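The values are calculated or read from the model by the stated rules, or taken from the named source; none is laboratory data. These numbers come from a predicted model, not from an experiment. So basically every Cβ, Gly included, is an ideal-geometry build from the backbone, and we count neighbours across all protein chains shown. In case anyone asks, the SASA skips ligands and DNA or RNA and just uses the protein heavy atoms, side chains included. Shrake-Rupley method; radii C 1.70, N 1.55, O 1.52, S 1.80 Å.
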Amino acid sequence: MQLPQLSPGALAGLRVVEMGQLIAGPFAGKTLGDFGADVVKIEPPGAGDPLRNWRMIQDGTSVWWQVQSRNKRSIALDLRSPEGQGIARKLIAQADVLIENFRPGTLEGWGMSYEQLAADNPGLIMLRISGYGQTGPYRDLPGFGAIGEAMGGLRHLTGEPGRVPVRCGISIGDTLAALHGTIGVLTALYHRNVNGGKGQVIDVALTEAVFNVMESLVPEYSAFGAVREPAGSALPGIAPSNAYRCSDGVVLIAGNGDSIFKRLMQAIGREDLGGDPGLADNAGRVARVEELDRAIEDWTRTRGVAQVLQVLGEAKVPAGRVYTAKDIVEDPHYRARDMILKQRTRDGHELEVPGVVPKLLGTPGSVRSSAPKLGDDTDAVLSELQYSPQDIAALRERKVVA
């Protein structure tokens, strides 16, 4: 399905000020911007957001930046100066949403506590993302996504049993915090706009965002004293679901539904296991998971990945191979779903970037503008705040803006 592009978006008219940097706060801003919000990103003059220089660089700018900051406007503003703080307060006074992911207390030190900002803008919704939240004994400790993954319980489960835990390869803790924050923003907007409520603070901790997706981790400990341990590629307590070696690679198979399990066993020629009453439900399969994994891999190891996927696809058994970036961009399904978009950077490069998620069929998100260079929109944003060209020139001379 080809979704229409350049839609004004479901959030058209929503005014967002983004004061965060790097990943968590800006990912929330990106998500709102993809659906039409006007996101004004405040960056420090000089270097700007450090993400501009993270990982692989093209013409002096990270290609990651091109994704994280699309659909945003950039104003270079010195928030450490009293004049810069005053400009920020004027901008926030006209906003619906403020996003920040500084260490707790930073905005208060700049005279921008929620109470001070809400005095000028009672409907303001303020998303605050930090390592441990705005309260509690750890609130003042620095926290990155990796630490949130560790203390949220995720890192203990990644990797092979008995080995040092590994990370999943991306900053998943930051992204989970951003998505929880986005949910909070939309919930608060509904309360304000539909239920007649006021603005409010959304307090998201990296640790809690990770912890919130840890499924049965704590109930199992509470009920049975069971501490869940890493299990490699398997899914403990659910069987069969694992990665299996083929003659030319690895395939993931999820045959853990009762009817799916029977179809899987029939597909691999093990009707004896599929018809075994002791394997008719998940509890029975978990008790014999090693036997099942051996049976499945005895079948997959004599076949190539493509053949395994074809057979299991015809049997309606969920299975897939492990994709690289190359596999993703060449996959016709990704293309058909507009999940690989062409975007021209402000330096003139054509870049393929991820599409917009989720898919709203009535008011789809879109990439309306490429990621800005530092301060690209300083003059335009200040003009909207009624600063004259002479005022802006004087501010730039005093290095308050750039």
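At a glance:
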quantity: Within-13-Å neighbourhood charge of Gly13 [Cβ basis; K, R +1; D, E -1]; calculated: -1
quantity: Segment Val329-Asn195, extension gain: residue separation times 0.36 nm, minus the distance between their alpha carbons; calculated: 43.9 nm
quantity: Probe 1.4 Å, accessible area per residue of the chain, Å²; calculated: 50
quantity: Rounded to 5, percent antiparallel among DSSP beta bridges of region 39-192; calculated: 20
quantity: Distance between modelled label sites at Met214 and Asp281, nm, 7 Å Cα→Cβ extension; calculated: 2.9
quantity: Shape call, region 208-289: gyration tensor on alpha carbons, a/c limit 1.5; calculated: oblate
quantity: Correct option for P(r) over Cα pairs in 20 Å bins from 0, in percent [calculated from the coordinates] among [x] 23, 45, 23, 8, 0; [y] 28, 61, 10, 0; [z] 23, 48, 25, 4, 0; calculated: [z]
quantity: Charge dipole (region 33-128, unit charges on Cβ, about Cα centre) - positive-most of Asn71, Leu117, Pro50; calculated: Pro50
quantity: Area accessible to solvent at Glu160, 1.4 Å probe radius, in Å²; calculated: 100
quantity: Net +/- balance of residues flanking Asp203 in space, Cβ distance below 13 Å, scoring K and R +1, D and E -1; calculated: 0
quantity: Folded to 0 to 90 degrees: helix 305-314 orientation relative to the chain principal axis, Cα; calculated: 80
quantity: Solvent-accessible area, 1.4 Å probe, carbon plus sulfur percent, for region 142-254; calculated: 61
quantity: Percent carbon-and-sulfur accessible area, region 1-66, ignoring ligands, DNA and RNA, probe 1.4 Å; calculated: 60
quantity: Among Ala315, Ala146, Ala234: highest mean-square fluctuation, GNM of the chain, C-alpha pairs under 10 Å; calculated: Ala315
quantity: The chain - mean residue ellipticity at 222 nm from DSSP helices (-39,500 (n - 2.57) per run, n ≥ 4, rounded to 500); calculated: -10500 deg cm²/dmol
quantity: Longest site-free stretch - the chain; sites: trypsin sites (Lys or Arg not before Pro), DSSP loop, at most 14 other Cβ within 10 Å; calculated: 199-300
quantity: Sequence-distant lysines (8 or more away, or on other chains) whose Cα lies within less than 27 Å of Lys373; calculated: Lys30, Lys41, Lys72, Lys90, Lys342, Lys399
